[in-house]
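Colleague: Before we start, here is the structure in question, set down as structure tokens.
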Amino acid sequence: MRVVMLGGAGGMGREACRLAAAFPEIDSIVIADTAADAAAGLAAELGPRAERVAVDITDRRALERVLTPADIVVNTVGPYFRFGPPVLRAAIDAGCHYLDICDDPEPTLRMLESDALARAAGVTAVIGLGASPGIVNLLALLAAAELDEVRSLTTGWNLEAGTPDPPPAAGVSAAIVHGVEQITGTIPVLRAGRLTYERPLRRVMIDYPGAGVRPAWTFGHPEAVTLDRAFPGLRDSVNVTFARRSTMAAVKLLGRAVDRRLLGTERAARIVQAAERRLPTPPVDDLVHPGELPPLFAHAVGIRNGRTATVGATLTALPGTSMAAVTATPLAIGLRLLAAGRVSAPGVHPPETVIDPTAFFEALAAHCPGTDAGESIVLVTRSWDTAPEAAYRAAIRRAVERTPAA
């Protein structure tokens, strides 16, 4: 398989390239990036199966020349509202399978509209295969499977848990700009079975089996608008984030300042980037402990045996503490499954409609430090369990013990 890594010399792309270079299913890796020196250095590191090419993805003809001889393209170039739909369309036209880590709900909805084109071309596209979205979508499948009927799905993540990626040499990170956009204006969510738009950072109380009732705040993410494709009768779905009280207060203040036009989006993003550069990431045991929600999770509410029930699903190990590792590793696993023919349905899919969660988490476990061969890294706790608190506490302690230092 010949794989093109768009943005392959960047933070997420570089991690994915290094993992992909070890996969026997991958014959060659094309590191396609405008950062020529970084791409050349990475190609030299990866060896003879890797090559680099400079490509401007806004140049459609240049992009097509790179994609036409490829089997799969992995797109890590953001922002996805600019580069997601056109790169996907170029991949479909080239007959090239597609993967990305899009975490923006609006381009996600636009890319899903290309489903019929992808089916007709025999192209498989999986969008949003990182941590959130990505890992949490597949955790949602496992949580929902415990219920006779699922009515509500919430996916969530700890805002402070990942070590930030190094800032760009110039300007502001596209990821941070995206984050500011998803705490301002309105965001799409599923309410009463309908896609609707509402203000972000609404407080949600989550009764998580084992952790108790904990607060979180709504955030603009694709999971809220894709999970009903796997569960057509779903009534409600939101994505949430949470952090220490001081951090959430700062996030809310920043969002209000942008909404009231006291700050522009880019200026707000620069403030966040400067804060990330100056403030240390809190120790993992300050953020992950039995009294809090897990750092990545899915929470399902529904009916079991005629009664309302809740289920939580999370991981007991992660492939690292950096945003690059936690995002690029699931992307690389998706690439391997696609290259091996274990993901093969033509069309444009969110992870939950095309990836087997059991196969995915088995593969992910092999990349998580401290895990034993054959060990499951998924923890499911249920409201009807005899002692969900004990299981949750033990699993969280074990997760903290084996989390690598940042």
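Colleague: Are there any pairs with C-beta distances below 8 angstrom linking a residue in the stretch 93-121 that is more than 14 Å from Thr76 (Cα to Cα) to a residue that is charged (D, E, K, R) and not in a helix (DSSP H, G or I), with the two at least 6 apart or on different chains, and if so which?
Modeller: Correct list of pairs: Cys96/Asp71; His97/Asp71.
Colleague: Something else about it: Out of all the residues in the stretch 143-153, is one or more among the acidic types (Asp, Glu), closer than 21 Å to Leu253 by Cβ and either at pLDDT 95 or above or over 19 Å from the mean Cα position of the chain (by Cα) (or both)?
Modeller: To start, the set of residues in the stretch 143-153 that are among the acidic types (Asp, Glu) comprises 146, 148-149.
Cutting the leftovers down to closer than 21 Å to Leu253 by Cβ gives us none.
No - not one qualifying residue is present in the stretch 143-153.
Colleague: Hey, can you tell me all the residues within the stretch 345-385 that are among the acidic types (Asp, Glu) and farther than 30 Å from Cys96 by Cβ? Let's see the steps before the verdict.
Modeller: Taking the stretch 345-385 and keeping what is among the acidic types (Asp, Glu), we get 352, 356, 362, 372, 375, 385.
Across the stretch 345-385, the qualifying residues are Asp372, Glu375, Asp385.
Colleague: Would you point out the residue of the stretch 97-151, among those that are among the β-branched types (Val, Ile, Thr) and in a helix (DSSP H, G or I), that is farthest from Ala324 (Cα to Cα)? Please lay out each step first, then the result.
Modeller: Taking the stretch 97-151 and keeping what is among the β-branched types (Val, Ile, Thr), we get 101, 108, 123-124, 126-127, 135-136, 150.
Subsequent filtering for residues that are in a helix (DSSP H, G or I) retains 108, 135-136.
On the way: Thr108: 21, Ile135: 14, Val136: 16 Å.
Only one residue fits best here, namely Thr108.
Colleague: Tell me, which strands (runs of 3 or more DSSP E) lie completely within the stretch 178-255 with 3 or more residues that are surrounded by fewer than 21 Cβ atoms within 10 Å (Cβ to Cβ)?
Modeller: The strands (runs of 3 or more DSSP E) meeting that bar are 194-198, 203-208, 212-218.
Colleague: For the condition touching a residue at least 12 places away in the same chain (Cβ under 8 Å), within 22 Å of Asp100 (Cα to Cα) and either not polar (S, T, N, Q) or not assigned by TED's automatic domain parsing to the domain that holds Leu335 (or both), what is the one hit in Leu129, Leu142?
Modeller: Values: Leu142 fails: within 22 Å of Asp100 (Cα to Cα).
Of Leu129, Leu142, the one residue that is touching a residue at least 12 places away in the same chain (Cβ under 8 Å), within 22 Å of Asp100 (Cα to Cα) and either not polar (S, T, N, Q) or not assigned by TED's automatic domain parsing to the domain that holds Leu335 (or both) is Leu129.
Colleague: If I filter the stretch 374-390 down to residues being modelled with pLDDT under 90 and part of a loop (DSSP other than H, G, I, E, B), which single residue comes out as nearest to Leu315 (Cα to Cα)?
Modeller: Glu375
Colleague: Every residue in the stretch 6-44 that is part of a loop (DSSP other than H, G, I, E, B) and either closer than 19 Å to Asp56 by Cβ or under 24 Å from the mean Cα position of the chain (by Cα) (or both), please.
Modeller: Hits for the stretch 6-44 are Gly7, Gly8, Ala9, Gly10, Ala21, Ala22, Phe23, Glu25, Ile26, Asp33, Thr34, Ala35.
The values are calculated or read from the model by the stated rules, or taken from the named source; none is laboratory data. Model, not experiment: these values are computed from the prediction. Heads up, the Cβs are rebuilt from the backbone with ideal geometry, glycines too, and the neighbour counts pull from every protein chain shown.
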